[in-house]
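None of the figures in this text is laboratory data; all of them are computed from the coordinates on show. All figures in this text were calculated on a predicted structure; none of them were measured in a lab. Cβ sites come from the backbone with ideal geometry, for glycine too, and all protein chains shown count toward neighbours.
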Amino acid sequence: MDNLKSLIRLNYLSFTKKEKQIADFLLEHMEDARTMSISELAVSCQVADSTISLFAKKIGLSGFKELNVYLNNTNRNILESVAEHDDEETIVNKVYQSNIISLENTFKLLDYKHLNQAMELMSKSNKVIFFALGGSTPIALDAYHKFLRSPINVEFNLDYHIQLLTAGKLNEKSCAFIISHRGNNPDILRIVELLEDNHVPIICLTSFNHTELVKAAKVSLLTPAEELDYRDSGIYTRRISQMVLIDLLFTLLISAHKEETIANLEKMRSALEYTK
């Protein structure tokens, strides 16, 4: 991934206090940071030079030199915030472009090995259960609706208490698919705890790396936590990227099981005949 802002946001929850000072400065003053030496950047962030180098390694870079390369390669116009004075055409353009950028960054972050591992794990499990809360619920519902058309057995329930009960009854032959933006929600982590107790393999779809959810998951699918700002309302563009990842998984799975999928779709068409 060549977008430094996305790389910082992806790892933000795992940063120490000092590392967050660097991250916050870079996110807010990237233009200024482009021309700074390591010592100048350290002074601006109120940290030691060595902390800058450690920060660069924390996000997967070799050190300050590579960090500087990323600083100068990152798109200067990425995800412009919606301003009070913006007219309708400007707002539409910013929202549209922000979603395009989010998709591009998701593609750059895509790990084909993890994608195939997730598809294989879902294929061999006797049941795939989706878990999600809050803003991630629509993504889980969309995934559930799609995978009902596949040969695999899927479940999803909107009620949190039923999700807890379900997690407590699963075993290693099942598969849990958890969708969580931050991956540190206490309610989600309670579900994770129950799944781990029962040795249930976990696939997670999330926007932050190195969280408790990612550590517990057998396979992690990551989408950058891009945000289109307007009065700190958090207009996240992650949802479209997450839905595209679900589409990728679904397409890979049905492509690998063509005959079973066709038979399953015929059964579904027959079941829905009476609604015409």
Legend entry - Estimated vicinal HN-Hα couplings, Hz - segment 90-95 in sequence order (Karplus 6.51, -1.76, 1.60; Gly, Pro = x): 5, 4, 4, 5, 5, 5
Legend entry - Full-stretch length increase - His85, Thr16 - with 0.36 nm per residue and alpha-carbon distance subtracted: 21.2 nm
Legend entry - Cβ crowding within 10 Å averaged over residues, with 123-134, 188-199 ranked highest first: 123-134, 188-199
Inset, instruction - List the residues of segment 169-197 whose backbone N lies under 17 Å from a point placed 7 Å from the Cα of Lys215 along the Cα-to-Cβ direction. - result: 182-197
Inset, instruction - Return one number: the angle in degrees, 0 to 90 and rounded to the nearest 10, between the long axis of the Cα atoms of helix 238-256 and the longest principal axis of the Cα atoms of the chain. - result: 40
Inset, instruction - For helix 112-124, report the angle its Cα long axis makes with the longest principal axis of the Cα atoms of the chain; keep it between 0 and 90° and round to the nearest 10°. - result: 20
Inset, instruction - Name the aspartates and glutamates eligible as straight-distance cross-link partners of Lys215: C-alpha to C-alpha under 17 Å, and not fewer than 8 places from it in the same chain. - result: Asp111, Asp187, Glu193, Glu196, Asp197
Legend entry - Folded to 0 to 90 degrees: helix 258-271 orientation relative to the chain principal axis, Cα: 70
Inset, instruction - Pull out a ≥ b ≥ c, the square roots of the eigenvalues of the alpha-carbon gyration tensor of segment 4-73, then state rounded if a/c is under 1.5, prolate if not and a/b is larger than b/c, and oblate in the remaining case. - result: rounded
Legend entry - Additional length obtainable on full extension of the chain from Leu27 to Tyr112, 0.36 nm per residue less Cα span: 27.8 nm
Inset, instruction - For a quick protection proxy, order the peptides 33-44, 175-186 by their average other-Cβ count within 10 Å, most packed first. - result: 175-186, 33-44
